[in-house]
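Here's the structure, in structure tokens; my notes come after.
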Amino acid sequence: EVSITKFPADERKIIAKAHDKYKKARAGIINTRHGQIHTPAFMPVGTKGTVKAMLPESVQTTGADIILGNTYHLMLQPGAKRVFKLGGLHKFMNWSKPLLTDSGGFQVMSLSKLRKITEEGVIFNSHIDGSKFMLSPESSTEIQYLLGSTITMAFDECTPYPSTYEQAKSSMELTSRWAKRSRKAFYSRDGYGQFGIIQGSIYNDLRLKSALDLIELDFEGYAIGGLAVGEGQELMFKVLDYAPDLLPINKPRYLMGVGKPADIIGAVQRGIDMFDCVIPTRSGRNGQAFTKYGVVNIRNSKYKEDNTPLEEDCLCPACKNYTKAYLHYLVKVKEILGAMLMTWHNLMYFQKLMLRIREYIAQGKDFDFIS
Ligand SMILES: CNc1nc2cc3nc(NC)[nH]c3cc2c(=O)[nH]1
Ligand SMILES: [Zn+2]
């Protein structure tokens, strides 16, 4: 068990009874001010203060212990100060469990128009109305404080893929300078934590330097950034074959933006504890359901008279009360209930996957099952 507090090193009781082939897989519990996080954990993405098409209490029934909020979107609308005045993001969105907020950098680069990266931070124009904003280690950390985030992410630069060694080196060094400023700006409170994000692209010496720079700052946890950016699973696993081992064994390790079930299984086997990905929610809204039989594209006409559930033993509302024919119809006619039921099922599927992984690790069993 690790607590997101200033935990002394001796609190390292990670349940690591993993199968010897997966000696790096570990199951544990992160204790926070807003409750426990059972790891390996999957965090549904709640970009704009809502997990799209889901009520927070429905997200809770899927078994999620923690959800992710995006700083970039929330700072533009409704604004961090307004959320703070209204009691913080937990109250605003009626989610009382842990919240992890990202630090905004990644989304600025992918969403905003016109942006300028300086040593100070990133200056950008809102993709909504073009107004000018600046995100820096200090402002990002303050915004996340105003949102009331349980786990705050350091402000980093996600090194694009591919990058030359020189490009990756200077980008990683910027991230290290920004991590130091982020750590200094963090208001440390018991039960809250801040995670550093290591970069270094696919270069192991840069990954090591990034880890050493960030370990010095004694973060409560560490994320591996700069992956799931187009490098492909093989190259991602090649980095994950060594990068998690550079990080403190008694602190949570979070792989940002990952991923499909097979990616999650492979990353857990390499020592990763936390994940976030839009796949279950976004693909659910697009009519893709994850099932033990593989991905079902419910819009396919072969389902239009299929009177069976997505999964006969799934306890989600979509499977308990409806058929593939009904889901096919709802998604075809773009009924809101279609997005709701498909999302609910996918989130339940991902949480069931994590539960099975945690159980297999705790029993020291092999969990190479194809999800
Ligand atoms: C907030 N900082 C930050 N976010 C990220 C989000 C990501 N999401 C993906 N794939 C969907 N890769 C990512 C990398 C980073 C990264 O390196 N840094
Ligand atoms: Zn289901």
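Near Lys169, which lysines are there with a Cα under 28 Å away, not counting those fewer than 8 places off in the same chain?
Leaving aside lysines fewer than 8 places away in the same chain, those within reach of Lys169 are Lys24, Lys113, Lys116, Lys180, Lys184, Lys209, Lys238, Lys251.
Name the cysteines of the chain that stand alone by the Cβ rule: no other cysteine Cβ under 4.7 angstrom.
That list is Cys158, Cys277, Cys316.
What residues qualify as long-range amide H neighbours of Lys365, i.e. H under 5 Å apart, gap of 5 or more or another chain, H built at 1.01 Å from N?
His19
Quote the relative contact order of region 70-125 in percent (integer), defining contacts as alpha-carbon pairs under 8 Å separated by 6+ residues.
Value for region 70-125: 30 percent.
Taking amide hydrogens as modeled 1.01 Å from N in the peptide plane, which residues meet the under 5 Å criterion relative to Thr39, leaving out close sequence neighbours?
Gly28, Ile29, Ile30
Would you mind estimating how fast the chain diffuses translationally, via Stokes-Einstein at 25 °C and 0.890 mPa s with the Kirkwood radius over Cα pairs, in µm²/s?
Estimated via Stokes-Einstein, D reaches 117 µm²/s.
Indicate, rounded to the nearest 5 percent, the antiparallel portion of the DSSP beta bridges found entirely in the chain.
Numbers: 18 of 41 bridges.
For the chain, the DSSP antiparallel bridge percentage is about 45.
Using only the Cα atoms of region 296-371, construct the convex hull and provide its projected area averaged over every direction, in square nanometres to one decimal. Please list the in-between numbers first.
On the way: hull surface 21.1 nm².
The directionally averaged projection comes out at 5.3 nm².
Residue by residue through region 276-283, which ³J(HN,Hα) values in whole Hz follow from phi under the Karplus form 6.51 cos²θ - 1.76 cosθ + 1.60 (θ = phi - 60°), with glycine and proline marked x?
Result, rounded to whole Hz: 9, 6, 7, 3, x, 7, 5, 5.
For a protection proxy built on the mean count of beta-carbon atoms within 10 angstrom, sort 279-286, 177-184, 128-135, 144-151 highest first, please.
On the way: 279-286: 21.0, 177-184: 19.5, 128-135: 13.1, 144-151: 24.6.
Put in order of decreasing packing, that is 144-151, 279-286, 177-184, 128-135.
Over the chain, calculate the relative contact order: mean separation of alpha carbon pairs under 8 Å at least 6 apart, over the residue count, as a percent.
Details: 767 pairs, mean separation 69.4, N = 371.
The normalised contact order for the chain reaches 19 percent.
Quick note: the coordinates plus some simple rules give every number you see, no bench work behind them. Fair warning: this is a prediction, and the values are worked out from it, not measured in the lab. When we count neighbours, we look across all protein chains shown, and the Cβ atoms used for this are built from the backbone with ideal geometry, even at glycine.
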